[in-house]
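Undergrad: Right, I'll just put the structure down here and ask away after.
The values are calculated or read from the model by the stated rules, or taken from the named source; none is laboratory data. Note that the structure is a prediction, hence the values are computed from the model and not measured. Every residue, glycine as well, gets a Cβ built from its backbone with ideal geometry; the counts of neighbours run over all protein chains shown.
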């Protein structure tokens, strides 16, 4: 009997299988029975969700790699990005044929959609027999069935991913003002975050598009962090990360992500820690400013923390940054002039002293001088400045003055 004549009967069996809560693998097995060729269902992070198990394909390198690893290795994935496989999947609503030097057997590929979004694809392998025209209709029917199954399965990963991404979009767009509404959404989605939150914005403008795609990078980045969710937003990857100890997070947990960013020539900005999800948008803007200011002040780095640039952001937001020179404390100007005239290093010594919270021992170690030498130097500095070094307001003004000089790239003598 021709496959076309079996389609009505097969469609009925598909409906019955879907209605019995038999699961994805039962549908895959049924599809193999009528299609007569093995196939895989793969999501867009190239992870295998299901595959036919009866046929042993041993002489097709791509098939063997998927079966062995349950996903493509990065080299294979990059090859298919360069050769536009994923573009072909995106633009073809109907199943299409694919061949390449690494696939011994021709493929028939159909995409699976949920809520008008491409979430996975089915790739049949012409191992047992050549394809015929009716196979295209059969693959299309199977893709529709897999879409239904994936939508009704309570714990399927990417249906949750779609909902999680929608939630993060709403947070980034500032659509929640009431924290109680956020708590309700978290319960419905089954999402849990730790008490301390960060927004990390990863700028992928230097990403080699011939080797990777944004969805793939999003998944890779999300996997580098515990208790984090990532989305593609404004053509960048944005991460909502959480932890219990923010110092531990910044110093220890970010190490793997830092390595990934460095290895892929990316840049990232990270917000200050915060507690309320309603504040995500505000801290997303901090992560953007961190990259901008980081590039302005410290181009050799790849990951910039906004907390390191708060004062520079304040200076930068002044209507005319050149006019900010008027906020430089007159006493510091006098100290700098003294250094120029006498060849001393008082301005730099005093800044080291301020940055170390007036700790003489630590400051002397950094300056590589004896602590007694620093004591005498500070007496001289205090005399030139003509200020009380115990006046907190004056010390802050002097510290701000140093930061204005740094922002304007005015070097100390």
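Undergrad: Being in contact with a helix residue (DSSP H, G or I) (Cβ under 7 Å, 6 or more places away or on another chain) and farther than 30 Å from residue 385 by Cα, is that true of even one residue in the range 307-327?
TA: No: zero hits.
Undergrad: Across the range 229-278, what is the number of residues that are assigned to a helix (DSSP H, G or I), in contact (Cβ under 8 Å) with a residue 12 or more places away in the chain and under 20 Å from residue 217 (Cα atoms)?
TA: Here the count works out to 7.
Undergrad: Follow-up. With respect to residue 332, determine if the residue is assigned to a helix (DSSP H, G or I), crowded, with 16+ Cβ neighbours inside 10 Å and touching a residue at least 40 places away in the same chain (Cβ under 8 Å).
TA: In short, yes.
Undergrad: Tell me the residue from 296, 266 that is touching a strand residue (DSSP E or B) at 6+ places or on another chain (Cβ under 9 Å) and in the same structural domain as residue 231 (by TED's automatic domain parsing), please.
TA: Only one candidate passes the filter, namely 266.
Undergrad: Please state which one of 131, 121, 167, 158 is within 32 Å of the chain's Cα centre (by Cα), at pLDDT 90 or above and either outside any loop (DSSP other than H, G, I, E, B) or assigned by TED's automatic domain parsing to the domain that holds residue 34 (or both).
TA: Selected residue: 121, the only one of 131, 121, 167, 158 that is within 32 Å of the chain's Cα centre (by Cα), at pLDDT 90 or above and either outside any loop (DSSP other than H, G, I, E, B) or assigned by TED's automatic domain parsing to the domain that holds residue 34 (or both).
Undergrad: Can I ask one more? Do you know which of the residues in the range 174-191 that are in contact with a helix residue (DSSP H, G or I) (Cβ under 7 Å, 6 or more places away or on another chain) and assigned to a loop (DSSP other than H, G, I, E, B) is surrounded by the most Cβ atoms within 10 Å (Cβ to Cβ)?
TA: My answer is 176.
Undergrad: Additional query: Can you tell me which residues in the range 192-208 are surrounded by fewer than 13 Cβ atoms within 10 Å (Cβ to Cβ) and closer than 29 Å to residue 263 by Cβ?
TA: 205, 206, 208
Undergrad: Also, I was wondering about something else. Filtering the range 335-357 down to residues that are out of contact with any helix residue (DSSP H, G or I) (no Cβ under 8 Å at 6 or more places or on another chain) and part of a loop (DSSP other than H, G, I, E, B), which residue is nearest to residue 399 (Cα to Cα)?
TA: 357
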